[in-house]
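Student: I am attaching a structure below and will ask some questions about it afterwards.
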Amino acid sequence: MKISIVILNYNVRYFLEQCILTCQRAITNIDAEILIIDNNSPDDSCAMVKEKFPKLTLIENKENVGFSKANNQAVDVAKGEYVLILNPDTAITESSIREALIKAESLSNLGALGCYLMDGTGAFLPESKRNLPTPKVSVLKIAGFTKQYYTSHISEENEGMVSVLVGAYMLMKRSVYLEVGGFDEDYFMYGEDIDLSYKLTKAGYNNYYYGSVKTLHYKGESTTKNKEYLKRFYGAMNIFYNKHFQTNKLFDVFVQIGIKLASNSHRTVSEANMEYAGIQSSYVLTENLTLFGKISKVLPLELHASSKSMLQDSLYEKSLFVFDTEYLSYDQIFKAMTQLKGRGNIFRIRPPGCNFLLGSDRSDEKGSVTVF
């Protein structure tokens, strides 16, 4: 088998369904498997997988064992030469797996391969390619100076070696993953991808960023970026530094100050949730008039049925775009989102065959699910 796609889920049933559907499209004519591992989700994620995807491998944990341990569980039973660690709140294009594998096969001494991640607004996520967050770099980031934290010598759509990739999308040979011990289970959530990236480079492998492959990462669906999140994140960074660097009390003080400042400045979801405020025009890109009628009943806006030809014009402002994936491919949708990003535009996607819309208007808040 060529590749095993490992998706760790926690309580994001609708986003997981879309993720699986995009993976199924992407592995057409590829010897592949999809493994879902669930960390005791309180929603009906597992019931959905059993009903809609009965042939997939589903591992149901009876407790939330964290990111590292759960992914390691799945990789242990994976059959693929390669494994792709993928977040459940992602969507990939139809050609992405094939393109990523071709690139991976062309690289010697590959550790992990990462890709261009975009959020629900179409904006590039800079954590797609990062430098090693030494204590100095992290203190600067806490203070608001992020230039050294992210990799700037490689443009967003280019490619090259980087120090750190993000755990939302990491492709690597299963043998390499196992050789370095996979994700360190001392981390419960956050920091595992930094640690694994560093272990790969210490073992003599090269991590590689490949900007030609694009993945939508709603980012923020599994967790809200609140004070508890910040404590876990900086706690994970402390584990990383204690394992790999020498730190001192002054650094620990800076970390605690960073947690307090960041948590005090964070907006809550309820403060930010003005879902359709300011939207002046709304379009549903579909050929399915029945679908258009159903969507029109659940969105509090005047909608217009439109064709893909409208995407030739990139001058839209303050508009809602609803994309039907049975009319446009995910590749076409991602290109449209990139082209239309900013200027107050927002996006919703109807996954193939589904009765819901997904979207996210900020990369640090829970996304939008509209069932119709």
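The values are calculated or read from the model by the stated rules, or taken from the named source; none is laboratory data. Source: prediction; values computed, not measured. Cβ: placed from backbone, ideal geometry, glycine included. Neighbour counts: every protein chain shown. Remember, those area values only see protein heavy atoms, side chains included, never the ligands or the DNA or RNA. Shrake-Rupley method; radii C 1.70, N 1.55, O 1.52, S 1.80 Å.
Student: How much accessible surface does ARG25 have with a 1.4 Å probe, in Å² rounded to 10?
Tutor: 70 Å²
Student: Here's a follow-up. Along the Cα-to-Cβ line of VAL369, 7 Å from the Cα, sits a label point; which residues in the stretch 35-72 have backbone N less than 17 Å from it?
Tutor: Backbone N within reach: 37-53.
Student: Rg over Rh of the stretch 39-80, using C-alpha atoms and the Kirkwood radius, what does it come to? Spell out each step's value before the answer.
Tutor: On the way: Rg = 11.1 Å, Rh = 11.3 Å.
My calculation puts Rg/Rh at 0.98.
Student: With the convex hull built on the Cα atoms of the stretch 14-127, state its orientation-averaged projected area in nm². Present the calculation step by step, with values, prior to reporting the outcome.
Tutor: Numbers: hull surface 32.9 nm².
That works out to 8.2 nm², a quarter of the Cα hull's surface.
Student: Further question on the same structure: What's the FRET efficiency of GLU63 with LYS297 using the Cβ-Cβ distance as r and R₀ = 51 Å, to the nearest 0.05?
Tutor: Working: r = 40 Å, r/R0 = 0.79.
FRET efficiency, GLU63 to LYS297: 0.80.
Student: I've got another one for you. Please go through the stretch 273-310 and write out the chymotrypsin sites (Phe, Trp or Tyr not before Pro) that DSSP classes as loop and that have at most 15 other C-beta atoms within 10 Å.
Tutor: Values: sites: TYR276, TYR283, PHE292; in loops: TYR276.
Sites meeting the loop and neighbour criteria: TYR276.
Student: Summarise the long-distance tail of P(r) for the stretch 322-372 by giving the % of C-alpha pairs beyond 13 Å. Intermediate results must be reported in sequence, preceding the final value.
Tutor: Numbers: 757 of 1275 pairs.
In whole percent, the long-distance tail amounts to 59.
Student: Treat each spin label as a single point 7 Å out from the Cα along the C-beta direction, and report the GLN24 to SER95 distance in nm.
Tutor: 2.3 nm
Student: Apply the a/c threshold of 1.5 to the C-alpha gyration tensor of the stretch 286-360 and tell me whether it is rounded, prolate or oblate. Don't skip to the answer; put the middle values down first.
Tutor: Working: a/c = 1.57, a/b = 1.31, b/c = 1.20.
Prolate.
Student: Just flag the GluC sites (Glu not before Pro) in the stretch 56-100 sitting in loop per DSSP whose Cβ has no more than 12 other Cβ atoms within 10 Å. Working shown, then result.
Tutor: Details: sites: GLU60, GLU63, GLU81, GLU94, GLU99; in loops: GLU63, GLU81, GLU94.
Passing both the DSSP loop test and the Cβ count: GLU63.
Student: Once you put a point 7 Å from the Cα of ASP43 and another 7 Å from the Cα of ILE279, both along the Cβ direction, what distance in nm separates them?
Tutor: Between ASP43 and ILE279, the label points sit 1.9 nm apart.
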